[in-house]
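Take a look at the structure set out below.
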Amino acid sequence: MDKWLIDAYDAAMFDLDGVIYRGPEAVPGAAEAVAALRDRGLGIGFVTNNAARTPADVARQLDHLGIPCAPSDVAVSSQALARLMRRQLPRGASILVAGPPALCDEMRRAGFRLVIRHDLRPEAVVQGYHPELPWSLVDEACLALADGAAWYATNADPTRPTERGDVPGAGSQVAILKACFPEREPVIAGKPCTPLLDDMKTQLGSRRPILVGDRIDTDVTGAVRAGIDSMLVLTGAHGKADLVAAPLGQRPTFLGWDVRGLVQPPRRATSADATGSTWTCGQARARAAFDLVAQVEGPLTTWREQLDALWALASLCWHWADRRAVIDAEAALAQLTLVP
């Protein structure tokens, strides 16, 4: 059995917001964990849906946080979107970008011609998170879509984590146009779609990477779609209730408190009986009686013990959800007070 979780993989891919940093602050333990992986010769890549920043911007921030990084170690959704669009649109096509300057620059490097008015007949509208999105640009994008322009977006994250808490993300800006075109969907490059992850896997030359993320709907789901294992960490957007409620196709392979989980023994849950009514992880046990109310048992003093209990509880809930039975986990989750 592997000593560390990472022993089964040749590379680690990290989401950034909520995993490596929150706003300008590093997540505790992130720098040490990445350094330990590099010492073992692991390939390291950083993937972010945030289109407001360039790989060089990200690399500078990581360097400042004590994580040595080159721009080539970073893949951003704007790059993946530009590659996708080059395959689908004519060279030199005109586009209207309702996004930040970094996204505009990426589109220019890809050979597209940028316009800012719908009456110039853009062939596509491109969206990416813009921290100061002008409403006039939203209007022009809406009118261009009404005229038949194609629709692209870097990502659809509804929120983004900051040191002050979650705030609206790119998905909220996409939803503005979606309100006018409920029957349409943009083509998306970022997680949970696979182009961004596929690009980083190729960039690393990896055959078996693992993705570390804080969101089930983007990071974990993207990993599942890309055929990549994942570890969910609890330092960002999603917590214990989101984990136990994760549907089939949106469940992480592993659970860690933070990125240091990669350099710890893997947490594994097993069914303790033929019916799947009891699951164990470490010394923790989660079980459901005939009333389908879950209980967690075992030592629950430390966060490690509570994570074991949470993983057993999640496995119990998933087992029964796949059999169309809903486990009431509210009381069990309330016992896990150290787990966010």
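The values are calculated or read from the model by the stated rules, or taken from the named source; none is laboratory data. From a predicted model like this one, the values you see are computed outputs, not experimental measurements. A quick note on method: Cβ atoms are made from the backbone with ideal geometry, for glycine too, and the neighbour counts reach across all protein chains shown. Just so you know, the surface numbers come from the protein's heavy atoms only, side chains and all, with ligands and any DNA or RNA stripped out. Shrake-Rupley method; radii C 1.70, N 1.55, O 1.52, S 1.80 Å.
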### Gaussian network model of the chain, Cα within-10 Å springs - most flexible of ARG117, ARG304, ARG87
ARG87
## Note on the structure
GNM on the chain, Cα springs under 10 Å; top mean-square fluctuation among LEU143, LEU197, LEU211 goes to LEU143
### Query
Which of the GluC sites (Glu not before Pro) across the stretch 272-335 are loop residues per DSSP, with 12 or fewer other Cβ within 10 Å?
none
#### Entry: For the stretch 302-310, Karplus couplings with θ = phi - 60° (6.51, -1.76, 1.60), whole Hz, Gly/Pro x
9, 5, 5, 5, 5, 5, 4, 5, 5
### Task
Sort out for me the Cα centre separation of the stretch 60-111 from the stretch 135-202, rounded to whole Å.
15 Å
### Message
Quick one: the Cα spread of the stretch 188-340 along its three principal axes, in angstroms, biggest first?
### Response
48, 33, 27
### Task
State the answer as a single residue: which of GLY249, GLN283, VAL263 lies farthest towards the positive end of the charge dipole of the stretch 202-337, with beta carbon charges of +1 for Lys and Arg and -1 for Asp and Glu, about the Cα centre.
VAL263
### Gained length - ALA241 relative to VAL167, 0.36 nm times residue gap less alpha-carbon distance
24.7 nm
### Task
Could you let me know the centre-to-centre spacing of the stretch 292-340 and the stretch 228-280, using Cα atoms, in angstrom?
11 Å
### Charge dipole magnitude, Cβ of K and R +1, D and E -1 - the chain, Cα centre, debye nearest 20
800 debye
### Message
Per 0.36 nm of contour for each residue apart, how much would the distance between LEU114 and ARG304 grow if the chain were fully extended, relative to their Cα-Cα spacing?
### Response
63.3 nm
### Spatially near lysine pairs across the chain, Cα under 29 Å, sequence gap of 8 or more or different chains
6
### Summary
Measuring from the longest principal axis of the C-alpha atoms of the chain, the long axis of helix 30-39 (C-alpha) lies at a number of degrees, nearest 10, equal to 90 degrees
### Task
Using +1 at the Cβ of each Lys and Arg and -1 at the Cβ of each Asp and Glu in the stretch 294-340, identify which of ALA321, GLN335, GLN306 lies farthest towards the dipole's positive end.
ALA321
### Query
Given a cut-off of 14 Å, what percent of all Cα-Cα pairs of the stretch 50-143 lie beyond it?
65 percent
### Query
Any idea what the dipole of the stretch 1-111 comes to, in debye rounded to 20, about its Cα centre with Lys/Arg Cβ at +1 and Asp/Glu Cβ at -1?
640 debye
## Note on the structure
Given a 1.4 Å probe, the accessible area of the stretch 268-314 per residue, as a whole number of Å², is 50 Å²
### Task
At 7 Å along the Cα-to-beta-carbon direction for both GLU132 and ASP322, put a label point, then send me their distance in nm to one decimal.
5.0 nm
### Under DSSP loop assignment and at most 16 Cβ neighbours within 10 Å, longest chymotrypsin sites (Phe, Trp or Tyr not before Pro)-free interval of the chain
5-289
### Task
Would you tally the net charge around LEU89, using a Cβ to Cβ cut-off of less than 12 Å, leaving LEU89 out, and scoring K and R as +1, D and E as -1?
+4
#### Entry: Solvent exposure of the stretch 10-113 as accessible area per residue, Å², 1.4 Å probe
38 Å²
### Query
When the helix-only estimate is applied to the chain (DSSP H runs of n ≥ 4, each -39,500 (n - 2.57), divided by the residue count), what is the mean residue ellipticity at 222 nm, nearest 500 deg cm²/dmol?
-9500 deg cm²/dmol
### Query
Which value, in Å to one decimal place, does the Kirkwood hydrodynamic radius take for the chain when every pair of different Cα atoms is included?
21.0 Å
### Task
Work out how much length THR337 to ARG225 would gain on full extension: take 0.36 nm times their residue separation and subtract the Cα-Cα distance, in nm to one decimal.
37.1 nm
